[in-house]
Amino acid sequence: MKSSIHALLTKALENLVSKGVLESVPAEETIQVERTRDPSHGDFASNCAMMLCKSAGMKPRDLAQQIIDSLPGSHLIQEVSIAGPGFINFRFSSSAWHTEIRRVLEEGVSYGTSHLGKGEQVLVEFVSANPTGPLHVGHGRHAAYGASLANLLEAVGYNVRREYYVNDAGRQMQILALSLWLRYLELHDVAAALPENAYQGEYIIDIARDLQAEHGDSLVRDPSVLPSVTDAEDKETALSDLIAACRELLGEDTFRIVQDKALDAILSDIKDDLSEFGVVFDRWYSERSLSETGAIDRALEKLQANNHTYIKGGATWFRASDLGDEKDRVVVRDNGQTTYFASDIAYHLEKRERGFEILLDVLGADHHGYIARVRAGLEAMGEPPGSLEVKLVQFVSLFRAGKKEQMSTRSGQFVTLRQLREEVGNDAARLIYVMRSNDQHLDFDLELAKSQSSDNPVYYIQYAHARVASVTRQLHEKGYRWDPESGLASLHALENPHEMALMKTVTRYPEIVETAALNRAPHMLVHYLRDLANDFHTYYNAHQFIVEDQALRDARIGLIHTARQVIANGLGLLGVSAPDSM
RNA sequence: GCGCCUGUAGCUCAACCGGAUAGAGCAACGGCCUUCUAAGCCGUAGGUUGCAGGUUCGAGUCCUGCCAGGCGCGCCA
C-alpha cells in the first residue's frame, strides 16, 4: 500500500524534472511516505515537498501543489490534499483497501513476506553461551530475540543462516572438566575440595553420575597430591595450577575424556532446551575446529601480510588501535598459544569466506567493548568492517513476587531458561522476551507472564485469534457456511469505523514486518499485534458477525479471517503459537 | 579517567530516515454480560520527554555541555 504511493510520487517528481521544475529525481530515501497518525490527515502522508523545496527554490506548499498536479491518475486514490507546512496527504479509495484485503486471503501464510532483502546472505549468530552450564533466563532473551530477528529477515527476503558459536576451547572448559572430575571423586567418597571459583552447579553432579556409570571407578586418583586453592592468595592462578596438576595426574587423554563428557552433556542439554523453545540453529560452530581447519592460521597470516602485527614481550600483537579500537590486542601469547580474540576474528573471517555479506551478531550488552576490535580485525584482513553488525541485548532482571532474583552461573544460583519455560510456558516467554527493544533493560515478571488477563499481552493477542476460530465454529453450528468470494464481493458493506479501522490495521502488516526487519526490532511486531488484537476485540464487542444478511455476514467473516491470518503470521515469526481455543 | 547503552504519565514501556495535537498497558476512578469466549469492550484522569544551550520550516529523536543509572575497559573466555 505504502509502496504504491511511493511509486506515484516518484512518477510525479519525474514529470516535474522533465518540466524543468526540479533538477533531478531525488534519492529514494528522501521520498518518505508514512501512515498518518491522525485519520483526518488521510491514510498516508509525504513530506517530500518540504524536503525538496529548498533545492527547488520554492515555497513548500507551492511545490506540493505542483507535485499533486503532476501525479498520474490512480483508482487507488480518493483524495489528495496539502496540509500544514506542506504535507501531501493521500486518502485511499475503499476499493484500494478491498484489493489489499483480497490479497491477505489469497496469500494466506505468505502474506507479509517480500523480496526486500534480494536474497542477500545473512549469518545471524546468537546465544553462543559458554557450554559450561544450563542456559539461564538471560540467554533466553538472546534466543528469543535472535530467532525472531532471523525469522523477520527471512520473511523480507534475506537468505538467513542461524549459528551458535560453541566455546569448546580454553580455560573455562578446563575449569569445567576439573569441576566434573572433583564431583566424580565425591561420588566415590574421595575427599577433594571443590574450589569456590570452580563450577558449583548441581547439574555437574548429575553429569558426574553419568561419568561414574560409564567409567566406574577407573577415573579415580588420589587427590592428596593436588595443590590447594582455598589457602592461596591469587585464587585464579591457584586454580590454573590445580588444573595443570590434575591434567598431569590423569594424563591428557583421560582429562580429555572428562572434558568431552562435560561438554557433550551440557551441549546436548542446551540443544534440547533451545529446540523445545522453538529456537533452531543451522550450525553449531566449534571454536576448537578453527585451529583444526587452519582458520586461525589463515587469519593471522592475513594480519601479518597486511602489516598489522608486531612482536612485543614475546607476544604477537594486532595493531587494532590503528583501526579504531582503543588499544592493541594480543593474538598470540608469549607461550605460543593463540588468544580467544584470535579465534574470534578467525571465525568472522571464515564467515566471510563462506560468502555471508552481513554478519549479524547478537551479543550481551557487556560485550560492547569487543565490537571495535573485531571490526578492526575484519578491516585488517581486507574485509569490509561494515559487514559486521552487532545487536546488543541488555540484561534481564527476573522478578518473583516483587523480589528481584539474583543470577550467577559459577555459584550455581540462577533460574534456568528451562525452569522459566516450565513455569510460564514457551509462548509467554518468547513474547515477553521480545516485547521490549533489545537495548532496553527487561524486567521479566513471572507473575505477570503467568497471569491470564489483559495485563498479559500474550493472552490478549492469542485470545483474538481464538475468538475468530470460535466464531467460525459458531457459524457452522448455526448451519451457515462462509463463502469467501461472496465476502470479498461484499466488502463495500463494511463501512462502519470499526471495520475501516480493522481493515487499515490488518493491511499495515507488510509494512510492519519490513520496518521491524530493517530496524532489527521484533518488538515493533509485538506492539503492532497488540494494536491489531485491540482493533479486533473492539470490533467484536461493537458488532455481531453472524448476522442474517448473507452478504454482510460473509464480508464480516472475511474481514476477521484476515485479522486471524495476520495474527497467526505475526505470532509465527515470533515463535508463538496461535491457538484456536483458549 | 575513557568508551557504549539508558533517562518519556505513579509503574513498565512505544513513538518507523527529524514530521502535524508524544501514544499503549498496568495501577486509580466510572460504565458494559439474556446476544459469536467479560482472558473482552467503552469512558475519565494522568506529561516542561533528566537539565541547559544549539542546529531548522519543524527536535523525545540530531550536535555540545552537565546530572543520574547500567555495563565495559586482561598475554580471561
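Counting other C-beta atoms within 10 Å, and keeping those with at most 16, which DSSP coil GluC sites (Glu not before Pro) do you find in the range A:23-75?
Counting only loop positions with at most 16 other Cβ atoms within 10 Å, the GluC sites (Glu not before Pro) in the range A:23-75 are A:GLU23.
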>> Could you work out how much longer the chain between A:ARG400 and A:ILE68 gets when fully extended? Use 0.36 nm per residue separation minus the Cα distance between them, nm to one decimal.
In response: 113.7 nm
> With each label point set 7 Å from Cα along the Cα-Cβ vector, what nm distance links A:LYS327 and A:GLN550?
Replying inline: 8.0
>> Under 8 Å for C-alpha pairs, at least 6 residues apart: give me the relative contact order for the range A:219-354, rounded to a whole percent.
In response: 15
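Can you pull out the trypsin sites (Lys or Arg not before Pro) in the range A:480-582 that DSSP calls coil and that have at most 15 other Cβ atoms within 10 Å? All intermediate terms of the calculation are to be shown ahead of the outcome.
On the way: sites: A:ARG481, A:LYS504, A:ARG508, A:ARG520, A:ARG530, A:ARG553, A:ARG556, A:ARG564; in loops: A:ARG481, A:ARG508, A:ARG520.
Sparse-neighbourhood loop trypsin sites (Lys or Arg not before Pro): A:ARG481.
Based on the mean of other Cβ atoms within 10 Å per residue, sort peptides A:372-380, A:154-162 so the most packed one is first. Write down the numbers at each step before the final one.
On the way: A:372-380: 23.0, A:154-162: 20.2.
By packing density, highest mean first, the sequence is A:372-380, A:154-162.
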> So how much slack lies between A:ASP189 and A:GLU301, counting 0.36 nm per residue of separation and subtracting their Cα-Cα distance, in nm?
Replying inline: 35.3 nm
>> Which order do the peptides A:434-444, A:107-117 come out in when sorted by mean C-beta neighbours inside 10 angstrom, highest first?
In response: A:434-444, A:107-117
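Output the relative contact order of chain A, whole-number percent, from Cα pairs under 8 angstrom with separation of 6+ residues.
Numbers: 932 pairs, mean separation 89.6, N = 582.
It comes to 15 percent, rounded to a whole number.
To the nearest whole percent, what portion of all C-alpha pairs in the range A:108-202 is separated by more than 22 angstrom? Walk me through the numbers before you get to the answer.
On the way: 2299 of 4465 pairs.
Across the range A:108-202, Cα pairs with separations above 22 Å total 51 percent.
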>> For the range A:323-378, I need the span (max minus min coordinate) of the C-alpha atoms along each principal axis, in Å, sorted largest to smallest.
In response: 34, 25, 22
> Rg (Å, one decimal) plus Dmax (Å, integer) for the alpha carbons of the range A:1-143?
Replying inline: 21.2, 69
> How high is the relative contact order of the range A:1-104, in percent, counting Cα pairs under 8 Å that sit 6 or more residues apart?
Replying inline: 26
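For A:SER3 and A:LYS59 in one chain, what is 0.36 nm times their gap in residues minus the Cα-Cα distance, to one decimal in nm?
Working: separation 56, 0.36 × 56 = 20.16 nm, distance 2.64 nm.
Once the chain is fully extended between A:SER3 and A:LYS59, it gains 17.5 nm.
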> Mind checking the angle between helix A:457-477 and chain A's longest principal axis? C-alpha axes, 0 to 90 degrees, to the nearest 10.
Replying inline: 50
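Percentage of Cα-Cα pair distances in chain A greater than 32 Å, rounded to whole percent?
Working: 100466 of 169071 pairs.
Cα-Cα pairs in chain A separated by more than 32 Å: 59 percent.
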> How large is Rg over Rh for the range A:191-296, taking Rg from the Cα atoms and Rh as the Kirkwood inverse mean of 1/r across Cα pairs?
Replying inline: 1.02
> Which of the pairs A:LYS271/A:LYS351; A:LYS11/A:LYS54; A:LYS118/A:LYS351; A:LYS302/A:LYS351; A:LYS302/A:LYS327; A:LYS312/A:LYS391 have their Cα atoms more than 25 Å apart in this structure?
Replying inline: A:LYS312/A:LYS391
> Between the helical axis of A:171-187 and the dominant principal axis of chain A, each derived from Cα atoms, what acute angle in degrees is found, rounded to the nearest 10?
Replying inline: 60
> A:ASP43: accessible area at probe 1.4 Å, nearest 10 Å²?
Replying inline: 10
> Each residue of the range A:245-258 in turn: what ³J(HN,Hα) in whole Hz from Karplus with 6.51, -1.76, 1.60 and θ = phi - 60°, glycine and Pro shown as x?
Replying inline: 5, 5, 5, 5, 5, 7, x, 4, 5, 5, 4, 5, 4, 5
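The values are calculated or read from the model by the stated rules, or taken from the named source; none is laboratory data. On a predicted model such as this, the values are computed, not experimentally measured, just so you know. Cβ sites come from the backbone with ideal geometry, for glycine too, and all protein chains shown count toward neighbours. Ligands, DNA and RNA are excluded from the accessible area calculation, which covers all protein heavy atoms including side chains. Shrake-Rupley method; radii C 1.70, N 1.55, O 1.52, S 1.80 Å.
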